[in-house]
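Asker: Below: one structure in structure tokens.
The values are calculated or read from the model by the stated rules, or taken from the named source; none is laboratory data. Note that the coordinates shown come from a computational prediction; the quantities given were computed from them, not determined experimentally. Backbone-built Cβ (ideal geometry, glycine too); neighbour counts: all protein chains shown.
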Amino acid sequence: MQNLLRGPRLSTLILLSALAILPINYFLPSLPSMAAEFDVDYGTMGLSLAAYAGVSACLQLVLGPLSDRFGRRPVILGALVIFIAATVGCALAPDAWTFLACRMVQAVIAPTYAVSLAVIRDTTSKEQAAGHFGYLAMAWAIAPMLGPSAGGFLDQVLGWRASFHVLALFGTAVLVLCWIDLSETNNAPSDTMARQYRAYPELLGSKRFWAYCVCSAFSVGAFYAFLAGAPLAASTFDLSPAILGLYMGSITGGFMAGSFLAGRVAGRLPMTTILTAGRVLACAGLLLGLILYAAGIDHVLALFGPCLFVGVSNGLTQPSASAGAISVRQTHTGSAAGLASAITVAGASVMAAVAGAVLTAENVRPGLLLVMLASAVVALAAALLTRQLELAASRIK
């Protein structure tokens, strides 16, 4: 019961989780104007997404074990300070390469989401943790849903640099809140970092862990592919940055709806059933988009409407996939959360890189839907595998 009293307010972790996801797509409506100002091609500025994802994947492997070794509080506060400095650097960048360097340093904030999950697991029972994960997932949805709209509006009114100044202010506010409210929740820190990394072979040797992680990675991978290709696809419809931000936020609006639905059905349906249903929904929506394209329907909703299914399906999938991966082994919570997040972000960044490499102005609409569908199909296969593995594990018990 003592641990329960020492936990931070859930609102603190919700805001921290929102900040952890917001930088991914906050500024994406500004990419064309940024490329023009820095006098580089769109593909160069597109690296700001893939590079950010790649660095954050690597940092997941570091910050999770660090939080098991030295505690959750110092890791979160340190990441916030570095993030604020990097965000100011992005706002003041004189050229594209300085911007990309600061952008990669910004990625230090992303693993704080996994550390937040560890904080919740430190201070609640397993049943309570599942419910709280759902609230953090809602923040994970709302922040990128509103982010592109806010970033696009600021770009249109004050220029793209203003969006990074505002993001730095938000980071400062969260830092102050965490400094006041976030006490240390890790009452049993490990003796050495090596002890944390020794947990990785056990996790990586688990088929169930891999199945959950692959399902999560390629579910998010479809979302990352959307982020990488949507600005280019939307350019064929001549949308303003603010309107583009609204359309790009629609997929995360679907995620929010899916997360709410997942919370309503959790405990009533098996977790693997929810996973599979979410993946089937994603594939069906993307197939619908390809059918609309083949039928010659050339409307912005014919592109963004089917992508909304991906958001809903990811909302169904992610809480269950995260809980499943962390629950495979009951020890080293921070390390397990960090490793699962690293695999998820790494897989997703691969799909973002694939989208950036294969999409052109000529093929972007069908190409984007096909890349997203390929990612969704892999995630569906992984969801079906988790179902088989969980059934096999239940028979053994």
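Asker: For region 76-94, which residues satisfy the criterion of being free of Cβ contacts under 8 Å to residues at least 24 places away in the same chain and either within 20 Å of the chain's Cα centre (by Cα) or buried (at least 19 other Cβ atoms within 10 Å of the Cβ) (or both)? Walk me through it before giving the result.
Answerer: Initially, region 76-94 is screened for residues free of Cβ contacts under 8 Å to residues at least 24 places away in the same chain, giving 78, 85-86, 89, 93-94.
The answer is 86, 93.
Asker: Further question on the same structure: Test each condition in (1) in contact with a helix residue (DSSP H, G or I) (Cβ under 8 Å, 6 or more places away or on another chain); (2) surrounded by fewer than 19 Cβ atoms within 10 Å (Cβ to Cβ); (3) at pLDDT 80 or above; (4) farther than 14 Å from residue 215 by Cα for residue 363 and report the one that comes out false.
Answerer: For residue 363, the failing item is (1).
Asker: Does region 14-25 contain any residue that is out of contact with any Cys (no Cβ under 7 Å at 6 or more places or on another chain), crowded, with 16+ Cβ neighbours inside 10 Å, at positive phi and assigned to a loop (DSSP other than H, G, I, E, B)? Outline the logic, then answer.
Answerer: Residues of region 14-25 that are out of contact with any Cys (no Cβ under 7 Å at 6 or more places or on another chain), as a first pass: 14-15, 17-25.
Filter once more, keeping what is crowded, with 16+ Cβ neighbours inside 10 Å: 14-15, 17-25.
Now drop any that are not at positive phi, which leaves none.
No, region 14-25 has no match at all.
Asker: Among the residues of region 95-116, which ones are more than 21 Å from the chain's Cα centre (by Cα) and surrounded by 19 or more Cβ atoms within 10 Å (Cβ to Cβ)? It would help to see each step written out before you state the result.
Answerer: So the first thing to find is which residues in region 95-116 are more than 21 Å from the chain's Cα centre (by Cα), and the list is 95-99.
Listed by number, the residues that qualify are 96, 99.
Asker: If you check 348, 321, which single one turns out to be under 30 Å from residue 44 (Cα atoms), under 16 Å from the mean Cα position of the chain (by Cα) and buried (at least 19 other Cβ atoms within 10 Å of the Cβ)?
Answerer: Matching residue, one of 348, 321: 348.
Asker: Quick one: how many residues across region 259-292 are without any contact (Cβ under 8 Å) to a residue 60 or more places away in the chain and part of a helix (DSSP H, G or I)?
Answerer: The qualifying residues number 11.
Asker: Here's another thing I want to ask about it. Anything in region 26-57 that is part of a loop (DSSP other than H, G, I, E, B) and either surrounded by 24 or more Cβ atoms within 10 Å (Cβ to Cβ) or in contact with an Asp or Glu (Cβ under 7 Å, 6 or more places away or on another chain) (or both)? List them, or say none. Can you show your working first?
Answerer: Taking region 26-57 first, the residues part of a loop (DSSP other than H, G, I, E, B) are 26-27, 39-41.
If the condition is that a residue be part of a loop (DSSP other than H, G, I, E, B) and either surrounded by 24 or more Cβ atoms within 10 Å (Cβ to Cβ) or in contact with an Asp or Glu (Cβ under 7 Å, 6 or more places away or on another chain) (or both), then 26, 27 are the ones that fit.
Asker: Across region 179-214, which residue is modelled with the lowest pLDDT among those that are assigned to a loop (DSSP other than H, G, I, E, B) and of a type in the set (S, T, N, Q)? Working first, answer last.
Answerer: Looking only at region 179-214, we keep the residues that are assigned to a loop (DSSP other than H, G, I, E, B), and these are 182-192, 198, 205-206.
Of the ones still in play, those that are also of a type in the set (S, T, N, Q) are 183, 185-187, 190, 192, 206.
Details: 183: 81, 185: 75, 186: 71, 187: 74, 190: 66, 192: 62, 206: 83.
Once the filter is applied, the top-ranked residue is 192.
Asker: Tally the residues that are closer than 19 Å to residue 344 by Cβ and out of contact with any Lys or Arg (no Cβ under 7 Å at 6 or more places or on another chain), restricting the search to region 37-67.
Answerer: Of the residues in region 37-67, the ones closer than 19 Å to residue 344 by Cβ are 49-67.
Checking which are out of contact with any Lys or Arg (no Cβ under 7 Å at 6 or more places or on another chain) leaves us with 49-50, 53-67.
So the answer is 17.
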